[in-house]
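Peer 1: After the structure tokens below, expect a handful of questions from me.
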Amino acid sequence: MPVSRLARYAWGLLAYTIFVILFGAWVRITGSGAGCGEHWPTCHGEIVPRAPELETIIEFTHRLTSGVYGILVIILLIAVIRRTSRGHLARVTAWLTLLFTITEALVGARLVLLGLVADNSSIDRAVWMAVHLINTSFLTGSLAACCWSLSRNYRPRRPRFVDSRTRWVTLASLVGLVLVGVSGAVTALGDTLFPVAEVGTSVMERVASDQSIGAHFLQKLRILHPVIAVGVGALLLGASQLLAAWVPRKDIEILARTVSYGVVLQITVGVVNIMLSAPGWMQIIHLLCGTGLWIAVVLLAVAVRFEPCD
């Protein structure tokens, strides 16, 4: 397929990636992670479950969408190899997308086979949820970079020289946002297993309840996410403006502005999520905005490191 069609296919795959991520969050929110029992890749030991319950349908559907996703990633990689020259950024990122798709499946399998789903509230589950989030971030970031490189036709060569201050700012932004995502994943797990107090309870009362002696560690950690998010949000606002000033180019200016708007939107959605006591649908919206912000920051980092031909 021509590069223009290939770029559209890649962007469509990125949209599908976001759908699969949100579907996975819905599996957690509905407690359907154990819908297929401790079996993988089969469901209750069967290829197709018979007379499934609702939880089984949800989990099995998620597995089907994930399986289709793997096939679509392989198609992308083959097309990129055929349509781009050796050393093109799209080739590297397409290979990385496949790699992180495989590790994503392995992490998901581990969660299921070890029973780290449904009502499991162990430290092991929290750790692997964090690992899951990091891998998902790398996956979406790699695919987003592939989409961008195909659309902008970045030069098939090594990154141009970027001074140390620019490298450190982009690295700090990416690491900071991953940290926000990790704390958010652990917090979302806590919100699912230990629902926040009903609407009407003051924030301070909720904090006091979470930090009480008998509270679970997932409840105690809940306070960290908003604190980290605000701090990293401030970092991103400053970093995006600095990068736009240091590398004066139209595409970077647009991406920097997108990141700034994304930070404001995400923090606003986060506040609303807290005020509404983190209902499932609001967690989905929060995750959607967070994924969009992560993609924008990744694209900004790519744009700073590479120059388009056009």
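The values are calculated or read from the model by the stated rules, or taken from the named source; none is laboratory data. The shown structure was predicted, so the numbers you read here are calculated from the model rather than taken from an experiment. In this analysis, Cβ positions are derived from the backbone assuming ideal geometry, glycine residues included, and neighbour counts consider all displayed protein chains.
Peer 1: Out of everything in the range 190-227 that is among the hydrophobic types (A, V, I, L, M, F, W, C) and buried (at least 19 other Cβ atoms within 10 Å of the Cβ), what residue ends up being modelled with the lowest pLDDT?
Peer 2: Going residue by residue through the range 190-227, those that are among the hydrophobic types (A, V, I, L, M, F, W, C) are 193-194, 196-197, 199, 203-204, 207-208, 213, 215, 217-218, 221, 223-224, 227.
Narrowing further to those that are buried (at least 19 other Cβ atoms within 10 Å of the Cβ): 196, 218.
Values: 196: 76, 218: 90.
Once the filter is applied, the top-ranked residue is 196.
Peer 1: Tell me, please, whether a residue that is of a type in the set (A, V, I, L, M), in contact with a Ser or Thr (Cβ under 7 Å, 6 or more places away or on another chain) and either surrounded by 17 or more Cβ atoms within 10 Å (Cβ to Cβ) or not in a helix (DSSP H, G or I) (or both) can be found in the range 271-286. If you could, list the steps in order and put the result at the bottom.
Peer 2: Filtering the range 271-286 for residues of a type in the set (A, V, I, L, M) gives 271-272, 274-276, 278, 282, 284-285.
Filter once more, keeping what is in contact with a Ser or Thr (Cβ under 7 Å, 6 or more places away or on another chain): none.
Taking every residue of the range 271-286 in turn, none turns out to be of a type in the set (A, V, I, L, M), in contact with a Ser or Thr (Cβ under 7 Å, 6 or more places away or on another chain) and either surrounded by 17 or more Cβ atoms within 10 Å (Cβ to Cβ) or not in a helix (DSSP H, G or I) (or both).
Peer 1: Name the one entry in 112, 68, 80 that is in contact with a helix residue (DSSP H, G or I) (Cβ under 8 Å, 6 or more places away or on another chain) and of a type outside the set (S, T, N, Q).
Peer 2: 80
Peer 1: Just to be sure I understand the filter: pairs with C-beta atoms under 8 Å, separated by 6 or more residues or on different chains, first member in the range 236-265 and within 17 Å of residue 166 (Cα to Cα), second member outside any helix (DSSP H, G or I) and of a type in the set (Asp, Glu). Which pairs pass?
Peer 2: Pairs found: 246/163.
Peer 1: Can you name every residue in the range 75-86 that is in contact (Cβ under 8 Å) with a residue 24 or more places away in the chain and either surrounded by 14 or more Cβ atoms within 10 Å (Cβ to Cβ) or not assigned by TED's automatic domain parsing to the domain that holds residue 16 (or both)?
Peer 2: 76, 79, 80, 83, 84
Peer 1: Looking at the range 243-270 only, could you name the residues that are more than 20 Å from the chain's Cα centre (by Cα) and crowded, with 16+ Cβ neighbours inside 10 Å?
Peer 2: Filtering the range 243-270 for residues more than 20 Å from the chain's Cα centre (by Cα) gives 243-254, 257.
If the condition is that a residue be more than 20 Å from the chain's Cα centre (by Cα) and crowded, with 16+ Cβ neighbours inside 10 Å, then 243, 244, 247, 251, 252, 253 are the ones that fit.
Peer 1: Also, quick follow-up: Could you please let me know if residue 292 is in contact with a Gly (Cβ under 8 Å, 6 or more places away or on another chain) and either in the same structural domain as residue 173 (by TED's automatic domain parsing) or free of Cβ contacts under 8 Å to residues at least 24 places away in the same chain (or both)? Give the steps one after another, and end with the answer.
Peer 2: On the way: in contact with a Gly (Cβ under 8 Å, 6 or more places away or on another chain): yes; either in the same structural domain as residue 173 (by TED's automatic domain parsing) or free of Cβ contacts under 8 Å to residues at least 24 places away in the same chain (or both): yes.
So residue 292 passes the test.
Peer 1: Identify the residue in the range 49-63 that is exposed (fewer than 12 other Cβ atoms within 10 Å of the Cβ) and not basic (Lys, Arg) and, among all such residues, is farthest from residue 21 (Cα to Cα). So that I can check it myself, show each step before the final result.
Peer 2: Going through the range 49-63, the residues exposed (fewer than 12 other Cβ atoms within 10 Å of the Cβ) turn out to be 50-51, 53-54.
When the remaining residues are screened for being not basic (Lys, Arg), the result is 51, 53-54.
Details: 51: 26, 53: 22, 54: 20 Å.
Here the answer is 51.
Peer 1: Among the residues of the range 51-105, write down those that are hydroxyl-bearing (Ser, Thr, Tyr) and outside any helix (DSSP H, G or I). I'd like the intermediate steps shown before the answer.
Peer 2: So in the range 51-105, the residues hydroxyl-bearing (Ser, Thr, Tyr) come out as 56, 61, 65-66, 69, 84-85, 93, 97, 101, 103.
Those that are hydroxyl-bearing (Ser, Thr, Tyr) and outside any helix (DSSP H, G or I): 84, 85.
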